[in-house]
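Data block below; observations after.
Rule-based calculations on the coordinates, nothing more; no lab input. Source: prediction; values computed, not measured. Here Cβ is always computed from backbone atoms with ideal geometry, including for glycine, and neighbour counts include all displayed protein chains.
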Amino acid sequence: MNMIELDGSQGEGGGQILRTALTLSMITGTPFRIERIRAKRSKPGLLRQHLTAVKAAAEICGAQVEGAEAGSLSLSFVPGRIRGGDYRYAIGTAGSCTLVLQTVLPALWFADAPSTVTLSGGTHNSAAPPADFLQRAWLPLMLRMGVQMELELLRHGFYPAGGGELQARVQPLKALQSLHLPERGELLQARATAIVAGVPGDVAKRELDTLNEALAGALGEVAGEIRGLSSREGPGNALLLELQYAGATELFTAFGEKGLPAQTVACRLAQEVVAFHRSNSAVGEHLADQLLLPIALAGAGSFCTSTLSSHLQTNIEVIQKFLPVEFSIAAEASAHRIALS
């Protein structure tokens, strides 16, 4: 079988090119080689998070790998057969557990036996979707497509300390069902959660009060709760806003930082939420990017998204190198329709 050649500097030039290639290589049995890995990032090459994804993928399918070293700018990956089992990986930093999980979970959907994957590292940092996002926004849509999977957040891990833990339990399936999200439907509920670990509780209260005030005109009253964690899981602060629509659920996040006022954190999140709510989109920028691969594996699907990011367009290009599919993109009123038929 011919080896697919990838340029890691294409498009947005980040780690998603590598992660998507690893996933599809495992599933299709197609080997690949990638050069200039993460060339457009401030620290190019493989970081610990990316190395964990490579090593996890290699173990799960018994792959032959060259270039799996810290800082490596090139990598070759020749996959074997996907095997279910009990897998455990430690990133060792606040590197994202969620991104590593999203690399290996689609492959384990097609494994020969049930699987459990436990990952330790970062569960809540600004450079990746938090664990809550996977649980509340991504997972429900995967279940709708026929995936049998559970995600459990065992311990929070914030940047820069990490130390969090996520566990996924997966049952094999024969085929994915298509997913079509032409519209999101009416808003059923808006819910905010302020997470604090080793941070004063009044920070969370100020965030929720400010967020409620900023969203009153667009959403009305927002239900709010404070998730107070042990200081051993911090320090860390995250503000989440979940929008439950009839057709899909979206979740937006802002992170507190030392010296950044709670009111500023809340106002930044409110601006993002209002912009999405006023659009005609079914899903936001990040969820759109994460729906591409399962829809491609299903062979059919569509959705409307608010932002046509370079990240999404690059992901489409990589997917189309591994699978005989073609996505179409059409501009609609304040949204973009992505379709595969």
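For region 187-277, the convex hull drawn through the C-alpha positions has a volume of 79 cubic angstrom per residue.
For the residue pairs 40/205; 40/174; 43/321; 55/321; 55/258; 55/205, the alpha carbons lie more than 30 Å apart in 40/205; 40/174; 55/258; 55/205. When the Debye formula is applied to the Cα atoms of region 1-81, each taken as the same point scatterer, what base-10 log of I(q)/I(0) results at q = 0.13 Å⁻¹? After summing over all Cα pairs, the log10 values are -0.32.
Full extension of the segment from residue 331 to residue 116, taken as 0.36 nm per residue of separation minus the current Cα-Cα distance, would add 73.4 nm.
Peptides 218-231, 297-310, 110-123 ordered by packing proxy, namely the average of other Cβ atoms within 10 Å per residue, highest first: 110-123, 297-310, 218-231. So, counting K/R as plus one and D/E as minus one, what does the shell of residues with Cβ under 12 Å around residue 168 add up to? With Lys, Arg at +1 and Asp, Glu at -1, the net is -2. For the chain, a Gaussian network of Cα nodes joined below 10 Å ranks 70, 39, 161 by mean-square fluctuation, and the top entry is 70. With both residues required to sit in the chain, DSSP beta bridges show an antiparallel share near 70%. Farthest toward the positive end of the dipole of region 161-311, out of 262, 170, 187, is the Cα of 170, where the dipole comes from beta carbon charges about the Cα centre.
Here the spin labels are modelled as points 7 Å beyond Cα on the Cα-Cβ line, and at residue 271 and residue 216 they lie 2.1 nm apart. Computed from the Kirkwood radius of its Cα pairs, the Stokes-Einstein diffusion coefficient for region 78-117 at 37 °C and 0.692 mPa s stands at 295 µm²/s.
For region 245-286, backbone nitrogen atoms closer than 12 Å to the point 7 Å from residue 43 Cα along Cα-to-C-beta are found at no residue. The phi-based Karplus calculation (6.51 cos²θ - 1.76 cosθ + 1.60; θ = phi - 60°) puts the 3J(HN,Hα) values of region 144-156 at 5, 8, x, 5, 10, 7, 10, 10, 10, 8, 8, 7, 6 Hz, whole numbers, x for Gly and Pro.
By other beta-carbon atoms within 10 Å, ranking 267, 97 with the fewest at the front produces 267, 97. Inter-part distance, region 243-263 to region 47-70, computed on C-alpha centroids, equals 32 Å.
Note on the chain: helix-only mean residue ellipticity at 222 nm, from DSSP H runs of 4+ residues weighted -39500 (n - 2.57) and normalised by residue number, equals -10000 deg cm²/dmol.
What the phi angles of region 180-187 give under the Karplus curve with 6.51, -1.76 and 1.60, with θ = phi - 60°, is a coupling list of 10, 10, x, 8, 8, x, 6, 6 Hz, glycine and proline written as x. Backbone geometry of region 10-26 corresponds, through the Karplus equation with coefficients 6.51, -1.76 and 1.60 at θ = phi - 60°, to 3J(HN,Hα) couplings of 5, x, 6, x, x, x, 5, 4, 5, 5, 5, 5, 4, 4, 6, 5, 4 Hz, x marking Gly and Pro. Averaging the sequence gap over all C-alpha pairs within less than 8 Å and six or more residues apart, then dividing by the number of residues, gives the chain a relative contact order of 14 percent.
Over all pairs of different C-alpha atoms, region 83-174 has a mean inverse distance whose reciprocal, the Kirkwood radius, equals 13.0 Å.
If you plug the beta carbon distance of residue 321 and residue 171 into 1/(1 + (r/R0)^6) with R0 = 41 Å, you get a FRET efficiency near 0.90. Working from Cα pairs under 8 Å separated by at least six residues, relative contact order for region 183-341 is 21 percent. Taking Lys and Arg as +1 and Asp and Glu as -1, the other residues whose beta-carbon sits under 15 Å from that of residue 3 total -2. Semi-axes of the equivalent ellipsoid for the chain, computed as √(5λ) from the eigenvalues of its C-alpha gyration tensor and ordered from largest down, come to 32, 24, 18 Å.
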